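Right, one structure below, let's go through it.
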Amino acid sequence: MANNEDLFKQIIAHAKEYGFIFPSSEIYDGLGAVYDYGQNGVELKNNIKQYWWKSMVQYHDNIVGLDSSIFMHPTIWKASGHVDAFNDPLIDNKDSKKRYRADVLIEDHIQKIEDKITKEVEKARKRFENFDEKMFRETNGRVLQHQKEIDEIRERFAALMNANDLAGLKALIEELGIACPISGTRNWTDVRQFNLMFATKLGSVSEGADTIYLRPETAQGIFVNFLNIYKTGRMKLPFGIAQIGKAFRNEIVARQFIFRMREFEQMEMQFFVKPGEELKWFDYWKQTRLQWHTDLGIALENYRFHDHEKLAHYANAATDIEFRFPFGFKELEGIHSRTDFDLSQHEKYSGKKLRYFDPELNESYVPYVIETSIGVDRMFLAVFSNAYNEETLEDGSTRVVLRLPAKLAPNKVAVLPLVKKDGLPEIGLEIFDKLKKEFMVQYEDKDAIGRRYRRQDAVGTPFCVTVDNQTKEDGTVTVRERDTMAQYRLPVDALVDEISAKLR
């Protein structure tokens with residue numbers, strides 16, 4: 001098995017080769033950190049969104065949907081704090097002319113030290129037959145020294161970030177001897193803040209136009225529509241508002257394929273609750289969201305909670321659901337108890353009352369909010385990378401199979417005539433026309449049947465239906481399952497019910 005870096009490269013290459021993800025504007029040499037979803041990618045992405053929407057809106061009688069606009073009044077971003085505080089600390093290398101996030105340079109340095117620990121542990125495993133990792137960590141000086149170094153850096157780093165000490169960040173980078181990956185030099189500029197929002201103009205002529213922003217998140221569209229939804233939907237606490245939509249951030253250091261992009265899509269739900277009950281609902285959504293992920297059949301060991309020790313000023317609880325990507329555990333979804341900060345801020349800046357009248361208490365108050373927020377693109381990458389497998393079969397041959405959860409697969413069925421003659425393509429097309437009313441189906445009659453099976457394995461199609469001469473005799477076809485490669489015969493009339501049952 002390839003190492004994680006090589007594996008990730010193979011996953012990226014596979015995504016392009018089989019029509020899942022393409023670099024945007026590729027014929028013009030591309031545009032950094034922007035990607036297009038191909039014919040298979042858009043189906044997988046839409047299925048992820050549908051799976052989320054059903055779980056949030058269709059299966060809950062107290063959660064409704066919303067589709068707010070990308071352009072919003074600029075004061076919204078002042079109220080939310082994005083104008084003043086939505087910044088990244090940036091630093092330039094004077095020799096390479098490359099720009100970096102100062103915090104990412106420090107985090108990467110910490111990761112290199114952690115990699116040293118891993119190498120020390122692996123080296124010890126080879127040297128000692130009965131290896132006890134805890135004992136080794138307690139007794140081996142080199143490992144302990146590395147861990148102490150990491151702890152010291154993290155403590156200083158956190159203090160500098162919390163204090164917004166830009167000069168201190170530069171000093172730490174210089175003290176750690178962090179060099180530019182391109183030039184190899186340590187000739188750094190001062191650290192300065194850079195706002196991540198994309199600004200544009202709204203108006204018929206630029207001279208009289210107002211500056212507005214492409215939204216950096218979808219949540220504010222929910223908050224400013226709280227009153228509209230509450231009144232027109234006659235909602236009662238607790239209730240939620242869900243939204244799927246595009247957001248834009250001018251990431252300077254966008255990396256790791258579609259994990260961090262400048263244009264991305266979010267699936268967010270803001271759940272409004274009575275003050276004092278927020279932590280109960282925070283725990284509820286924390287467990288509910290983890291269950292949503294594992295219901296896909298992805299092993300629980302690939303997920304973990306990361307509770308925030310340092311909370312944002314508006315939050316009283318926050319956790320991330322992290323996923324084991326090929327490049328390590330990283331944030332996949334966030335669950336936050338945001339208190340009444342957002343609605344209170346919009347009350348203040350808009351002058352409008354954003355309150356809920358509680359008939360039981362006979363009083364009005366600003367609800368508290370529990371937020372669940374997940375990136376569609378990150379979810380895509382998590383599902384895709386987990387599904388990618390290279391297998392060696394019993395006969396010594398290999399296959400690449402994409403073990404996507406069946407309910408998310410771009411195509412559920414492929415209809416394959418055994419040969420392109422003897423009337424089999426005509427029968428295959430009849431079956432294709434019947435199945436496509438129920439599922440996304442692909443028809444293919446080019447190349448040997450084995451090659452076609454391999455192509456369908458590579459794009460994650462759960463079932464292949466093969467039409468052969470016996471089909472003409474008794475109306476049955478061969479069904480092949482992707483994961484086990486097991487084959488069995490079924491009457492054509494039984495296909496819809498059989499496949500539907502296995503997709504649930």
Exercise for review: Describe numerically, in nm with one decimal, the distance between label points set 7 Å from Cα along Cα→Cβ at Tyr28 and at Phe327.
Suggested key: 2.6 nm
**Study point:** segment 429-447 versus segment 24-41: alpha-carbon centroid distance in Å
**Key:** 29 Å
Practice item. Enter the angle in degrees (range 0 to 90, nearest 10) between the Cα long axis of helix 4-17 and the first principal axis of the Cα atoms of the chain, meaning the one along which they spread out most. Key: 60 degrees
Review point. Toward the positive end of the charge dipole of the chain, about the Cα centre and with charges on Cβ (Lys, Arg +1; Asp, Glu -1), which of Gly65, Gln220, Leu296 goes farthest?
Key: Gln220
**Study point:** Over 20 Å [Cα-Cα, segment 394-503], rounded percent
**Key:** 34 percent
**Study point:** Förster radius 41 Å - calculated FRET efficiency between Gln287 and Ala494 (Cβ-Cβ, nearest 0.05)
**Key:** 0.60
Check your understanding: If packing is taken as the mean number of other Cβ atoms within 10 Å per residue, what is the order of 482-490, 89-97, highest first?
Key -> 89-97, 482-490
Exercise for review: With +1 on each Lys and Arg Cβ and -1 on each Asp and Glu Cβ, and nothing else charged, work out how big the dipole of the chain is about its Cα centre, in Debye to the nearest 20.
Suggested key: 480 debye
Exercise for review: For segment 152-300, state the semi-axes of the equivalent ellipsoid (square roots of 5 times the eigenvalues of the alpha-carbon gyration tensor), sorted largest first and rounded to whole angstrom.
Suggested key: 37, 26, 17
Exercise for review: Determine which lysines satisfy two conditions relative to Lys16: a Cα distance under 26 Å, and not lying fewer than 8 residues away in the same chain.
Suggested key: Lys45, Lys49, Lys246, Lys330, Lys407, Lys412, Lys436, Lys446
Review point. If the chain between Gln111 and Lys280 were fully stretched, how many nm would it gain, using 0.36 nm times the residue separation less the Cα-Cα distance?
Key: 57.3 nm
Exercise for review: Let me have the 222 nm mean residue ellipticity of the chain computed from DSSP H runs of 4+ only, each contributing -39500 (n - 2.57), with the sum over all residues rounded to the nearest 500.
Suggested key: -12000 deg cm²/dmol
Revision key, fill the gap. The rounded separation in angstrom of the Cα centers of segment 295-333 and segment 152-206 is 25 Å
Revision key, fill the gap. If one compares the long axis through the Cα atoms of helix 166-175 with the longest principal axis of the Cα atoms of the chain, the angle in degrees, nearest 10, works out at 70 degrees
Check your understanding: Between Ser385, Ile150, Ile21, whose Cα lies farthest towards the positive end of the dipole of the chain when Lys and Arg beta carbons carry +1 and Asp and Glu beta carbons carry -1, centred on the Cα centre?
Key -> Ile21
Check your understanding: How much length is gained on full extension from Lys421 to Lys353, taking 0.36 nm per residue of separation minus their Cα-Cα distance?
Key -> 17.3 nm
Practice item. Would you mind checking the tilt of helix 141-162 against the longest principal axis of the Cα atoms of the chain, expressed as 0 to 90 degrees and rounded to 10? Key: 60 degrees
Revision key, fill the gap. Most packed first (mean Cβ within 10 Å per residue), the peptides 70-80, 318-328 order as 318-328, 70-80
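Values in this text are rule-based calculations from the coordinates and carry no lab data. Only a predicted model underlies this, so the values are computations on that prediction, with no experimental measurement involved. Quick reminder, even Gly has a Cβ in these numbers, built from the backbone with ideal geometry, and neighbours come from all protein chains shown.
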